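What follows is one structure encoded as structure tokens, with my remarks underneath.
The values are calculated or read from the model by the stated rules, or taken from the named source; none is laboratory data. Keep in mind that this is a model prediction, so the values were computed, not measured. Don't worry about glycine lacking a Cβ; one is built from the backbone with ideal geometry, like all the others, and counts go over all protein chains shown. Note: accessible area is taken over every heavy atom of the protein model, side chains too, but ligands, DNA and RNA are not part of it. Shrake-Rupley method; radii C 1.70, N 1.55, O 1.52, S 1.80 Å.
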Amino acid sequence: MNREELNLLRTDLIGKSIPKPLSGTLSGHAAGEPFEKYVLEILKKHRSNGVFKQYEYINDLFLKNPKAISHGERMALFQSPTLMLLLSRGKSAMERWSSDNPFEEKQNDTADILLIHDGIHELIDVKTRNISKNAQQPNIISAYKLAQVCAKMLDNEEFNTFEINYLEIDWRLEVDKLMCSSIHYAELFRTNPSDLYINWAAAMQIQFHVCDLGQDFSGTRKEWALQYLRHFVSQARKRANDMLKKFVEPFEKYLHFPS
């Protein structure tokens, strides 16, 4: 997303309100989806093409390549092994796809919005935040999945084919409406990998508020991938050792008791 588009989003959204969700809940998907739709509409109006939901992109890719029928043929359409990992669905779902049975949106899709420009696929995850509360940092992406992505990048020397970026929309409740108060945008590969917090108790999710994400990493994408893998392995090894000390070692002596 370029600076012009980010300014456009700020102009169109800051100070604007959406109706409070009918369900009464003000967290997670219920609050985020309406704002996300606004972002998508604004970007589609600004760009003549290259703006998709993740599932729309895959549907479009398969529709344009009707001769690709098998799982392997459809996976090959992604061209980039790393993009395939980030964007594709499971094997059985890929095999069952047809024009009469297209993909629909899934909450665990990597990207809320996919921008394609100059051969680069920009995956954008839209997060919303109720600034009236001290909310826990949201789940961003699986630390394990990101490790797999970094390994793919290194194996295939794919360092300039995609971006993973985040858009945070801050809002506050005003009577029966949610009013957008500010917007923050950050690029994953511009933050120091060692600063990323992995919550192992929350399905190994990396967690942060987009507004707090540092943007001062100045190394290459290859250096980023290597540094992240060092960070992940170090954290995983510590977690494994802690698990052994807490859940294995205290009970090992009982395994030798006569039955």
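Here is the figure for segment 203-248: residues that are open to solvent by 40 Å² or more (accessible area, probe 1.4 Å) and of a type outside the set (A, V, I, L, M) total 21. One residue stands out in segment 117-162 among those that are β-branched (Val, Ile, Thr) and not in a strand (DSSP E or B): the one that is farthest from residue 236 (Cα to Cα), namely 131. Among the residues of segment 167-176, write down those that are within 24 Å of the chain's Cα centre (by Cα) and either open to solvent by 70 Å² or more (accessible area, probe 1.4 Å) or not aliphatic (A, V, I, L, M) (or both). Across segment 167-176, the qualifying residues are 168, 170, 171, 172.
The condition (being under 21 Å from the mean Cα position of the chain (by Cα) and open to solvent by less than 50 Å² (accessible area, probe 1.4 Å)) is satisfied by just one residue among 62, 35: 35. Residues that are open to solvent by less than 10 Å² (accessible area, probe 1.4 Å), at negative phi and not in a strand (DSSP E or B) do occur in segment 181-188, at least one of them. When 234, 218 are checked against the criterion of being under 15 Å from residue 144 (Cβ atoms) and free of Cβ contacts under 8 Å to residues at least 12 places away in the same chain, a single residue qualifies: 234. Within segment 110-129, the residues that satisfy the criterion of being at pLDDT below 90 and either open to solvent by less than 80 Å² (accessible area, probe 1.4 Å) or aliphatic (A, V, I, L, M) (or both) are 117, 119. Name the residue, out of 98, 132, that is under 20 Å from residue 21 (Cβ atoms) and surrounded by fewer than 19 Cβ atoms within 10 Å (Cβ to Cβ). None of the others qualify; the one that does is 132. Residues that are in contact (Cβ under 8 Å) with a residue 60 or more places away in the chain, assigned to a strand (DSSP E or B) and either more than 18 Å from residue 137 (Cα to Cα) or touching a strand residue (DSSP E or B) at 6+ places or on another chain (Cβ under 9 Å) (or both): does segment 206-215 have at least one? Checked against the condition, which is being in contact (Cβ under 8 Å) with a residue 60 or more places away in the chain, assigned to a strand (DSSP E or B) and either more than 18 Å from residue 137 (Cα to Cα) or touching a strand residue (DSSP E or B) at 6+ places or on another chain (Cβ under 9 Å) (or both), segment 206-215 yields at least one hit. Just one of the numbered conditions (1) under 23 Å from residue 190 (Cα atoms); (2) of a type in the set (A, V, I, L, M, F, W, C); (3) surrounded by fewer than 17 Cβ atoms within 10 Å (Cβ to Cβ) is not true of residue 146: (3).
Per-residue answers, yes or no, for (1) of a type outside the set (Phe, Trp, Tyr); (2) under 11 Å from the mean Cα position of the chain (by Cα); (3) within 23 Å of residue 53 (Cα to Cα):
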position	(1), (2), (3)
126	yes, yes, yes
132	yes, no, no
142	yes, yes, yes
151	yes, no, no
154	yes, no, no
160	yes, no, yes
178	yes, no, no
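Which condition from (1) touching a residue at least 24 places away in the same chain (Cβ under 8 Å); (2) surrounded by fewer than 16 Cβ atoms within 10 Å (Cβ to Cβ); (3) farther than 20 Å from residue 148 by Cα is the one that residue 93 breaks? Result: residue 93 fails condition (1) only. Each residue in segment 65-90 was checked for being within 24 Å of residue 120 (Cβ to Cβ) and either open to solvent by less than 40 Å² (accessible area, probe 1.4 Å) or acidic (Asp, Glu) (or both), and 13 pass. If only residues of segment 45-59 that are within 18 Å of residue 109 (Cβ to Cβ) and among the charged types (D, E, K, R) are counted, the one that is surrounded by the most Cβ atoms within 10 Å (Cβ to Cβ) is 53. Within segment 208-259, the set of residues being more than 27 Å from residue 127 (Cα to Cα), among the hydroxyl-bearing types (Ser, Thr, Tyr) and at pLDDT 95 or above comprises just one member, 234. Right, residue 162: hydrophobic (A, V, I, L, M, F, W, C) and either in contact (Cβ under 8 Å) with a residue 60 or more places away in the chain or buried (at least 19 other Cβ atoms within 10 Å of the Cβ) (or both) or not? Judged against the criteria, residue 162 is a match.
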